[in-house]
Amino acid sequence: RNLLDRDTFSKSDPICVLYTQAIGNKEWREFGRTEVIDNTLNPDFVRKFIMDYFFEERENLRFDFYDVDSKSPNLSKHDFLGQMFCTLGEIVGSQGSRLEKSIVGIPGKKCGTVIVTAEELGCCRDSVLMQFCANKLDKKDFFGKSDPFLVFHRSNEDGSFTICHKTEVVKNTLNPVWQAFKISVRALCNGDYDRTIKVEVYDWDRDGSHDFIGEFTTSYRELSRGQSQFNVYEVINPKKKGKKKKYVNSGTVTLLSFLIETEVSFLDYIKGGTQINFTVAIDFTASNGNPLQPTSLHYMNPYQLNAYGMALRAVGEIIQDYDSDKMFPALGFGARLPPDGRVSHEFALNGNPQNPYCHGIDGVMEAYYRSLKSVQLYGPTNFAPVINHVARYAASVKDGSQYFVLLIITDGVISDMAQTKESIVNASKFPMSIIIVGVGPAEFDAMEELDGDVVRISSRGRFAERDIVQFVPFRDYIDRSGNHVLSMARLAKDVLAEIPEQFLSYMRVRGIKPSPAPPPYTPPIHVLQTQI
């Protein structure tokens, strides 16, 4: 909207060029170009860019605008109209996945704004719930009736078939009713509604040599008509058909029900306005070492971030795209506070217990450095208070409008294991996840137990409702060559990768559906000047 006008006799002819940035060397690479739209300062570009999206990675984007003056593909031959920088997470995390931002890059000039929208490709996320029954199947067993089951195959591009589902066996009947089953449309027909689906009917035998009763073919499109005369299939045994003149069929199979369920994704919730609230808790116990000494994990090095700062930035910079107010509560534990030296296990880093919020990741870093100067490192290492602190907030949100992520950065060996397990088991009922980054050389065996990937965590005989903890040792990511950018991107990727699934598991268990996204943007007929 409102691009600069670079042409003397008519309006500009704009094009947009998208660049992505490599994580390691920060080099910008051209990703693609839109079409050129002639003679307008308010173009609506049609060409779309399809990119991979990962919640746990930061994808930097740059949009450059040019006024095209000739057929040359060389951009330096055209007039530069400005550029806009953002991340893919910023677009996706905006209300309705629609980001409006000023175009910059030409000093002293207002370059207009750009509106970018993102949508997840619904690459067939549906699954179907189907139920079948059969009538008058051939009797295959010498003593008793058949024990029938169905086997479903999808056809491949080359005409071969791949098995995609087997029903259970219904014992001793020629008129079985199988239980309803759920299968993804991708598995059933690769998302191609007209592709052949072959269904075979077998009589189960204990020794594994199941007898073939017959088969029929259908397609997703036919099945989707639901229960009707179209969905009664004759089961045919080609061998019998070839031999017997009077052969009609080996029974019939009928579709009883067909329900389509669209699987919702993490992005459906984000698009519907669910906010991710990010809280940081930092370990201020004495085992970290005196912050004035270079050997300390809290050493305030004027030239580079310490391990706490690096871990905080790596995770925080990605999560902040999903939090619209960018205000993050930052807590500390295990220190003696001024003026009276009382030990606290949940104090506000900014010194304001009524309002522990810091603005942006930079605000959190600032409060962290300020605290280091004012508090005395002490102990013990108690996690339960900060977990309960966030759980109190999470417990009050039951409608799926918010999800809480607590990042705990610690050097070590935990002192209140029993209470922490109890806190985690309680917190697993609420919309929250916990990320623990262990810094320094300590043994982190206890943390692996909290992680719950191998054995689900329990306390006093109660098990956590879902796995909500992700632990990583910081030392696994220290790059020997000193390239912290890549190693921190890897750290963030590993700790954040489980969050969307943990988020969905909470929403599913609670039966919370995403809110509808706000209506898509339609450009007004006359262009208004917009204030951003």
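The values are calculated or read from the model by the stated rules, or taken from the named source; none is laboratory data. Note that the structure is a prediction, hence the values are computed from the model and not measured. Here the Cβ positions follow ideal geometry from the backbone for every residue, glycine too, while neighbour counts run over all protein chains shown. Only protein heavy atoms, including side chains, enter the accessible area calculation; ligands, DNA and RNA are left aside. Shrake-Rupley method; radii C 1.70, N 1.55, O 1.52, S 1.80 Å.
Net charge of the neighbourhood of residue 82, taken over other residues with C-beta under 13 Å away and scored Lys/Arg +1, Asp/Glu -1, is +2.
Under the criterion of Cα pairs below 8 Å and six or more residues apart, the relative contact order for segment 346-395 equals 34 percent. Of all DSSP bridge pairs formed entirely within the chain, close to 75 percent run antiparallel.
Heavy atoms only, probe 1.4 angstrom, no DNA, RNA or ligands counted: give me 373, 244, 493, 421 ranked by accessible area, highest first. Please report the intermediate quantities before stating the final value.
On the way: 373 155, 244 115, 493 75, 421 45 Å².
Listed by decreasing accessible area, they come as 373, 244, 493, 421.
Under the definition of Cα pairs under 8 Å and six or more residues apart, what whole-number percent is the relative contact order of the chain? Walk me through the numbers before you get to the answer.
Numbers: 1120 pairs, mean separation 61.0, N = 532.
Result for the chain is 11 percent.
According to the square roots a ≥ b ≥ c of the eigenvalues of the Cα gyration tensor, what is the shape class of segment 294-425, taking rounded for a/c under 1.5, prolate for a/b larger than b/c otherwise, and oblate for the remainder? Here segment 294-425 falls in the oblate category.
Measuring r between the beta carbons of residue 465 and residue 9 and using R0 = 56 Å, the FRET efficiency lands at 0.25. Relative to the longest principal axis of the Cα atoms of the chain, the long axis of helix 384-395 lies at roughly 60 degrees. Accessible surface computed residue by residue for segment 275-510, with neighbouring protein chains in place and a 1.4 Å probe, gives 42 Å² per residue. For GluC sites (Glu not before Pro), the sites in segment 404-492 that DSSP calls loop and that have at most 12 other Cβ atoms within 10 Å are 443. The angle separating the long axis of helix 484-496 from the principal Cα axis of greatest extent in the chain is about 50 degrees.
Sorting the Cα pairs of segment 14-117 by distance into bins of 10 Å, from 0 upward, gives 13, 46, 33, 7, 0 percent per bin. Could you estimate the translational diffusion coefficient of segment 126-262 from the Stokes-Einstein equation, with Rh from the Kirkwood formula over C-alpha pairs, at 25 °C and 0.890 mPa s, in whole µm²/s? Translational D for this selection: 160 µm²/s.
Convex hull of alpha carbon positions in the chain: directionally averaged projected area 36.1 nm².
Rounded to 0.05, the FRET efficiency of the residue 286 and residue 396 pair, given R0 = 56 Å and the Cβ-Cβ distance, is 0.95. Once the Cα-Cα distance is subtracted from the 0.36 nm per residue extended length, the residue 51 to residue 198 segment shows a gain of 49.4 nm.
Between residue 221 and residue 23, the modelled label-to-label distance comes to 4.3 nm, taking each label 7 Å out from Cα in the direction of the beta carbon. Based on Cβ point charges of +1 for Lys and Arg and -1 for Asp and Glu, what charge dipole magnitude is obtained for the chain about its Cα centre, in debye rounded to the nearest 20? Its charge dipole is roughly 1540 debye.
Against the chain, whose longest principal axis is taken from its Cα atoms, helix 417-427 shows a tilt of about 60°. Here the chain has 53 percent of its accessible surface on carbon and sulfur atoms, given a 1.4 Å probe and all protein chains in place.
Using a simple spin-label model with pseudo-atoms 7 Å out from Cα toward Cβ, residue 135 and residue 44 lie 5.4 nm apart.
Take the chain, mark every one of the chymotrypsin sites (Phe, Trp or Tyr not before Pro) that falls in a DSSP loop and has at most 12 other Cβ within 10 Å, then report the longest stretch left between them, sites excluded. It works out to 304-520. Using heavy atoms of the protein chains and a probe of 1.4 Å, the accessible area assigned to residue 33 is about 70 Å². For residue 110, the aspartates and glutamates whose Cα falls under 16 Å of its own Cα, not counting residues fewer than eight places away in the same chain, are 5, 64, 67, 79, 100. Sorted largest first by accessible area at a 1.4 angstrom probe radius, with every protein chain in place, the residues 300, 365 fall in the order 300, 365. From helices alone, the chain scores -6000 deg cm²/dmol at 222 nm; the rule is -39500 (n - 2.57) for each run of n ≥ 4 DSSP H residues, then divide by the residue total.
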